[in-house]
Amino acid sequence: MLIVCLLKGVPAKTTQVVTVSGVLKREEMELVLNPHDVKVLEAAYYVKRTMGGKIVGISMGPEPKIAPIMNDLYQPVEESRFVPHVSYEGLDERIILSDRKMAGADTWATSYTLACGIKRYLENHHRAVDMLLESVKTKPAQEAYADAEKLYSENMLPNYIFSKLPTLRNSLMARYLAGEVGKEEVVSELERHKQALNKFIILAGMKTSDGETGNTGPQTAEALSQMLGRLVPSIAFVKDFEISPETGHVIAVRKVGGVIQKLRTTLPCLLTIEAHYEPRVPSASYQKTVRANRYAGKMKKTLVWDAEYIGADPQKIGFAGSPTIVGPGYEIGKPPTQKFVGETLVFKKDFEKFEWNGKSYGPFKRGDNVNNLPEELVKKLKEEQAVGVFTLEDLFEEVLGGLKVVARAV
């Protein structure tokens with residue numbers, strides 16, 4: 001089963017709209033994983049432990065900024081700085097949709113681009129099965145087996161079709177090579193697998209911290225439905241769901257206002273996961289099926305796909321494909337930080353972006369914590385009295401907005 005996670009990099013600090021058109025220059029910002037996407041990863045891991053398959057993360061944005069986030073999510077959660085305290089074993093594959101033509105996209109253009117990326121991902125897997133089908137039909141069993149082994153190493157075939165695991169020695173192609181099954185049975189099983197590829201699931205965060213619209217997930221399902229010519233239903237605000245290997249149904253629970261709804265849908269489908277979602281514990285009886293449906297493992301290379309590769313219409317992506325008109329932007333603050341009087345090191349004045357030893361730093365605001373700067377740079381800034389210890393005077397200025405408290409003897 002293909003488990004697609006839609007992930008997004010959002011600004012780590014103050015959200016600043018840097019053009020009148022409302023386009024965020026993400027390539028100039030420090031980006032972190034959208035906090036609502038943490039639940040997406042938990043949900044994906046639950047599906048994988050229940051159904052097997054593999055987890056692919058798809059994100060759109062400037063490659064240099066998105067790649068560190070995606071690479072970190074490749075690791076198990078214990079090693080990840082982006083998703084602490086989550087039961088998760090890491091992405092199996094990572095895809096970044098990155099192209100200058102995609103810049104400036106609103107939610108509709110973003111959804112269209114993501115749908116194009118998902119469609120291409122599905123097509124690649126269908127093409128891999130077609131290649132193996134052709135090989136089985138036209139080549140000796142030994143050569144077909146070698147072709148299957150290559151596709152397996154590229155993570156394109158599940159274990160039950162081909163596997164090098166000692167616990168799964170009776171894969172379809174191994175039995176074919178040994179003469180235990182005939183060509184017709186192999187072809188029939190590959191055709192069945194090709195149809196099963198259409199029963200995928202897409203998981204998305206309920207919303208993003210820099211947009212708050214909640215539109216991208218459902219709109220992606222809508223765009224993908226149009227591209228595939230069949231309905232990909234979506235359920236938003238999912239606080240709990242169960243997926244069944246026997247029926248292929250998803251039963252989701254969501255709360256909309258004061259109403260709690262329990263909905264059932266078939267695969268494929270898209271779910272947007274609510275912030276209070278807690279994953280279920282899969283039944284132990286599923287584990288044999290899960291192991292057979294899993295893939296070779298994790299692919300080390302992060303794939304970067306441009307607009308041409310995913311077949312996106314240039315008029316429907318980026319700024320050109322965005323009907324939304326955004327007005328002037330405002331600074332909306334930044335995440336809270338801890339400061340200790342007499343201990344925490346903070347900036348004593350504002351800094352624009354600057355270069356030091358070939359690297360860029362900033363911008364920084366007066367009162368920002370001094371984090372992750374080279375020791376030599378911090379020493380230099382201390383000498384210039386540009387940074388210093390957080391004082392009571394700094395605290396009063398932050399809390400009271402510069403209002404001075406004067407004590408007067410009576």
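The values are calculated or read from the model by the stated rules, or taken from the named source; none is laboratory data. Predicted model, so just to flag it, every value in this text is computed and none were measured. Don't worry about glycine lacking a Cβ; one is built from the backbone with ideal geometry, like all the others, and counts go over all protein chains shown. Surface accessibility is based on the protein's heavy atoms, side chains included, excluding ligands, DNA and RNA. Shrake-Rupley method; radii C 1.70, N 1.55, O 1.52, S 1.80 Å.
Residue-wise HN-Hα couplings along segment 141-158, as the Karplus relation 6.51 cos²θ - 1.76 cosθ + 1.60 with θ = phi - 60° gives them from phi, are 4, 4, 5, 5, 4, 5, 5, 5, 4, 5, 5, 5, 5, 8, 6, 9, 10, x Hz; Gly and Pro carry x.
Over all other residues within a Cβ to Cβ distance under 12 Å of Lys137, the charged ones net out to -4, with Lys and Arg as +1 and Asp and Glu as -1. Of the whole protein surface, Phe364 contributes about 20 Å² of accessible area at a 1.4 Å probe radius. Take every pair of alpha-carbon atoms less than 8 Å apart whose residues are at least six positions apart; their mean separation over the length of the chain yields a relative contact order of 23 percent. Does segment 80-175 come out rounded, prolate or oblate, given a ≥ b ≥ c as the square roots of the eigenvalues of its C-alpha gyration tensor, rounded meaning a/c under 1.5 and, failing that, prolate meaning a/b above b/c? Note, shape of segment 80-175 comes out oblate.
Charges only on Cβ, +1 for Lys and Arg, -1 for Asp and Glu: so what's the dipole of segment 109-214 about the Cα centre, in debye to the nearest 20? Walk me through the numbers on the way to the answer.
Values: 14 positive and 14 negative charges, 16 e Å.
In total the dipole reaches around 80 debye.
Computed over the chain, the alpha-carbon pair-distance distribution with 20 angstrom bins reads 23, 48, 23, 5, 0, 0, each value a whole percent. Going by a ≥ b ≥ c, the root eigenvalues of the Cα gyration tensor, does segment 147-201 fall in the rounded group (a/c under 1.5), the prolate group (a/b larger than b/c) or the oblate group? Oblate shape, in that a/c is at least 1.5 and b/c is the bigger or equal ratio.
Multiplying each eigenvalue of the alpha-carbon gyration tensor of segment 154-248 by 5 and taking the square root yields semi-axes of 37, 16, 12 Å, largest first, rounded to whole angstroms.
Take every pair of alpha-carbon atoms less than 8 Å apart whose residues are at least six positions apart; their mean separation over the length of segment 150-267 yields a relative contact order of 12 percent. Within the shell defined by Cβ-Cβ distances under 13 Å, the residues around Ala252 carry a net charge of +3, with Lys and Arg each +1 and Asp and Glu each -1. Across Phe162, Phe354, Phe340, the residue with the most accessible area heads the list, and the full order at a 1.4 Å probe is Phe340, Phe354, Phe162. Inter-part distance, segment 235-284 to segment 148-214, computed on C-alpha centroids, equals 24 Å. Under 5 Å from the amide H of Ser234 lie the amide H atoms of Leu270, each residue being 5 or more positions distant or on a separate chain, with H modelled from the backbone and absent for Pro and chain starts.
In the chain, the DSSP-assigned H stretches of four residues or longer account for a calculated mean residue ellipticity at 222 nm of -10000 deg cm²/dmol, using -39500 (n - 2.57) per stretch and the full residue count as denominator.
Classification of segment 202-321 by its C-alpha gyration tensor yields an oblate form. The axis ratio a/c (a ≥ b ≥ c) is 1.5 or more, and b/c is at least a/b. Ranking Gln195, Cys116, Thr272 by how far each Cα lies toward the positive end of the dipole of the chain (charges on Cβ) leaves Gln195 at the top.
The slack between Ser360 and Lys380, meaning 0.36 nm per residue of separation minus the straight C-alpha distance, is 5.6 nm. Scanning residues 5 or more positions from His249 or on other chains, those with amide H under 5 Å from its amide H are Ser244, with H placed 1.01 Å from N in the peptide plane. Taking the Cα centre of the chain as origin and assigning +1 to Lys and Arg Cβ atoms and -1 to Asp and Glu Cβ atoms, the resulting dipole is close to 660 debye. Each Lys or Arg adds one and each Asp or Glu takes one away; over the other residues whose Cβ falls under 15 Å from the Cβ of Lys349, this sums to -3.
Counting only protein chains, not ligands or nucleic acids, how are Asp368, Asp99 ordered by accessible area (probe 1.4 Å), most first? Working shown, then result.
Working: Asp368 20, Asp99 45 Å².
Solvent-accessible surface, decreasing: Asp99, Asp368.
The solvent-accessible area of Arg230, taken with every protein chain present and a 1.4 Å probe, is close to 90 Å². In order along segment 123-139, the phi-based Karplus estimate (6.51 cos²θ - 1.76 cosθ + 1.60, θ = phi - 60°) of 3J(HN,Hα) comes to 4, 4, 6, 5, 5, 4, 5, 4, 4, 5, 4, 4, 5, 5, 6, 10, 10 Hz; Gly and Pro are listed as x.
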